[in-house]
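The block underneath contains the structure these notes are about, expressed in structure tokens.
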Amino acid sequence: MDPWLIWLIVAAVLAVAEIFTLTAALGLLSAAALVTAGSAAVGLQLPLQFLVFTIVATVTVVFVRPVALRHLLRPQAERFGIDALVGKVAYVVSEVTGRGGRVRIDGEEWTARAYDETLVIPPGKTVDVMEISGATAIVYPRD
């Protein structure tokens with residue numbers, strides 16, 4: 001069997017293993033094996049093929065992997081769903097107490113409770129959404 005074909009098989013096995021592990025390291029080793037398969041196809045001798053694999057694998061794992069992981073592990077920039085409502089301004093539609101009430105958040109009416117159970121927030125007041133618990137907004141009045 002030709003050496004380039006062996007390197008190609010190694011690259012394919014490493015790529016499949018990367019799909020199951022999602023570590024980014026095996027994918028980079030697969031890329032190194034693919035580059036080595038190309039060098040073997042042009043007739044590079046076996047010791048030099050190992051050298052090519054070692055150099056490409058080292059460069060990709062040391063320099064490319066940290067950059068890739070940094071992009072993958074970056075915190076989510078935008079909040080979606082109910083998480084996006086926390087911190088928004090709401091308007092009290094019906095009196096809000098520690099037991100219940102109604103507020104309007106971005107044009108939608110939500111059930112609400114006061115963050116401080118001793119508070120009574122009258123209709124028409126502006127409040128901040130402190131958290132969302134189920135389908136209920138926990139709110140605190142603005143001063």
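The values are calculated or read from the model by the stated rules, or taken from the named source; none is laboratory data. This one's a predicted model, so the numbers in the text were calculated from it and none came from an experiment. Cβ: placed from backbone, ideal geometry, glycine included. Neighbour counts: every protein chain shown. What goes into the accessible areas is simple: the full protein's heavy atoms, side chains included, and nothing from ligands, DNA or RNA. Shrake-Rupley method; radii C 1.70, N 1.55, O 1.52, S 1.80 Å.
Run lengths n ≥ 4 of DSSP H only: what is the helix-derived mean residue ellipticity at 222 nm for the chain, with -39500 (n - 2.57) per run over all residues, to the nearest 500?
Values: 4 runs with 58 residues, N = 143.
Rounded to the nearest 500, the figure is -13000 deg cm²/dmol.
Per residue, what volume in Å³ does the convex hull of the Cα atoms of the stretch 73-143 enclose?
On the way: hull volume 6.7 nm³, N = 71.
Per-residue hull volume (Cα only) is 94 Å³.
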Extension gain residue 42-residue 79, at 0.36 nm per residue separation less the Cα-Cα distance, in nm?
-> 8.2 nm
Which chymotrypsin sites (Phe, Trp or Tyr not before Pro) in the stretch 76-143 pass both tests, a DSSP loop state and at most 16 other beta-carbon atoms within 10 Å?
-> 80
Provide the gained length on full extension for the span residue 17 to residue 50, in nm with one decimal, where the gain is 0.36 nm per separating residue minus the Cα-Cα distance.
-> 9.8 nm
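Would you mind working out the magnitude of the charge dipole of the stretch 91-143 relative to its Cα centre, with +1 at each Lys and Arg C-beta and -1 at each Asp and Glu C-beta, to the nearest 20 Debye? Don't skip to the end; give the middle numbers.
On the way: 6 positive and 9 negative charges, 31 e Å.
So the dipole magnitude of the stretch 91-143 works out to roughly 140 debye.
If you place +1 on the Cβ of every Lys and Arg, -1 on the Cβ of every Asp and Glu, and leave all else neutral, what size is the dipole of the stretch 11-140 about its Cα centre, to the nearest 20 Debye? Walk me through the intermediate numbers first.
On the way: 10 positive and 11 negative charges, 61 e Å.
Roughly 300 debye for the stretch 11-140.
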Hey, could you grab the Kirkwood Rh for the stretch 1-133? Inverse mean 1/r over distinct alpha carbon pairs, Å, one decimal.
-> 19.4 Å
If each of residue 68 and residue 2 carries a label point 7 Å out from its Cα toward its Cβ, how far apart are those two points in nm?
-> 2.7 nm
Pairs of Cα atoms under 8 Å, at least six residues apart: use those to get the relative contact order of the stretch 49-143, whole percent.
-> 22 percent
Accessible surface, per residue, of the chain when the full set of protein chains is kept, probe 1.4 Å, Å² = 65 Å²
In the stretch 32-107, with Lys and Arg counted as +1 and Asp and Glu as -1 at Cβ, which of these residues, 75, 46, 92, has the Cα nearest the positive end of the dipole, that is, farthest along it?
-> 92
Restricting the count to DSSP beta bridges whose residues both fall in the chain, what percent are antiparallel, rounded to a multiple of 5?
-> 80 percent
Could you point to the residue in 101, 66, 122 farthest towards the positive end of the stretch 1-136's charge dipole, with +1 and -1 charges on the Cβ of Lys/Arg and Asp/Glu respectively?
-> 66
